[in-house]
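Take a look at the structure below.
Every read-out reported here was derived from the displayed coordinates using simple, explicitly stated rules and does not represent laboratory data. Quantities reported herein were computed from a predicted structural model and do not represent experimental measurements. Neighbour counts are summed over all protein chains in view; Cβ atoms, including those assigned to glycine, are modelled from backbone coordinates with ideal geometry.
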């Protein structure tokens, strides 16, 4: 693998492609894109020029120096190669560069363990986003 990472402000075609594949086609979500996409910083990881993983980062509207990670997605054929870990690592580094001391995220319950392995702690009760159970999680940087 020949991995490269890039950050972009706003939604790109590569980000849109990965998220449509993972969240819309695989998982059945309908409301995948929102107004946050326009202001968020989006990470794209490519392998030999092909976009294979993404995630977004944005500052919390209510808490100083707290950032939110979301929409972490890896194409099916690139899973189990630690790219999800890389997405978190790169977004956390970017948040630190911006002055963040804490990351928050909303995790699908079925991948809660993945986030726990990356240092995140569950906070609060399970809730539903569309049809899917989620839990709030956070990590002190």
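Along each principal axis of its Cα atoms, how long is the chain end to end? Whole angstroms, biggest number first, please.
Sorted largest first, the three principal extents are 38, 35, 30 Å.
Rounded to the nearest 500, what is the 222 nm mean residue ellipticity of the chain from helices alone, with -39500 (n - 2.57) per DSSP H run of 4+ residues and division by all residues?
Calculated at 222 nm, the ellipticity per residue is -6000 deg cm²/dmol.
Show me the ranking of peptides 107-113, 82-88 by mean Cβ neighbours inside 10 Å, starting with the highest.
Per-residue mean Cβ counts within 10 Å order the peptides as 82-88, 107-113.
Could you calculate the contour length gain from residue 30 to residue 101, that is, 0.36 nm times the residue separation minus the distance between their Cα atoms, to one decimal place in nm?
Value of the extension gain: 22.3 nm.
Let's test this: bin the Cα-Cα distances of region 73-131 at 5 Å from zero up to the farthest pair and state each bin's percent.
4, 14, 23, 24, 19, 13, 3, 0
Would you mind putting 50-56, 135-141 in packing order, based on average other-beta-carbon counts within 10 Å, highest first?
50-56, 135-141
Tell me, how many Å apart are the Cα centres for region 60-132 and for region 1-49?
14
At 7 Å along Cα-to-Cβ for each site, give me the label-to-label distance between residue 108 and residue 12 in nm.
2.4
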